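Nothing in this text is a laboratory measurement; each read-out follows from the coordinates by a stated rule. As the structure is a prediction and not an experimental result, all values here were calculated from the model. As a convention, Cβ positions derive from the backbone with ideal geometry for all residues, glycine included, and neighbour counts pool all protein chains shown.
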Amino acid sequence: MRPYISGDRCEKCKECVDTCPYEVFADMNGEIVVARPEDCIECTACAESCPHDAISMGD
Ligand code: SF4
Ligand code: SF4
C-alpha cells in the first residue's frame with residue numbers, strides 16, 4: 001500500500017510532509033506530492049493527520 005493525494009481536496013498545508021516519519025511526501029514548488037511511495041510503511045499517520053481528508057491509502 002501507498003498513499004495517494006486528492007488534488008481536488010489538498011489545501012497544501014504540508015501537515016503530511018511534517019507527519020510522515022519516512023519523508024514520503026515532498027513540497028515540489030508548492031505542490032505536495034508523494035515523492036517516495038516505496039518508503040511508506042503503511043502506518044496511516046498521514047491520512048489521519050490530513051485536515052482535509054485528502055489522503056487515501058491504496059495499492
Ligand atoms: S495534509 Fe492533506 S491537505 Fe495538507 S498538504 Fe497533505 S494532503 Fe494536502
Ligand atoms: S502511511 Fe505512514 S509511512 Fe506511509 S506515507 Fe503515511 S505517514 Fe508516511
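Descriptive notes on the structure:
- Taking a sphere under 11 Å around the Cβ of A35 and counting the other residues whose Cβ falls inside, with K and R at +1 and D and E at -1, yields a net charge of -4.
- Annotation: extensible slack from E23 through C43 equals 5.9 nm (criterion: 0.36 nm per residue apart, minus Cα-Cα distance).
- Residues whose amide H falls under 5 Å from that of C20, counting only those 5 or more places apart or on a different chain, are absent, with hydrogens built in the peptide plane.
- Couplings 3J(HN,Hα) for region 45-59, derived from phi with the Karplus relation 6.51 cos²θ - 1.76 cosθ + 1.60 (θ = phi - 60°), are 4, 5, 4, 6, 7, 5, x, 10, 6, 9, 10, 10, 9, x, 6 Hz, where x marks Gly and Pro.
- Net charge of neighbours whose Cβ lies under 9 Å from the Cβ of Y22, counting Lys and Arg as +1 and Asp and Glu as -1: -1
- Positive minus negative residues near P51 (Lys, Arg vs Asp, Glu; Cβ under 13 Å): -2
- Couplings 3J(HN,Hα) of region 24-31, computed from phi: 6, 9, 8, 8, 9, 6, x, 8 Hz, in residue order, whole Hz [Karplus 6.51 cos²θ - 1.76 cosθ + 1.60, θ = phi - 60°; x for Gly and Pro].
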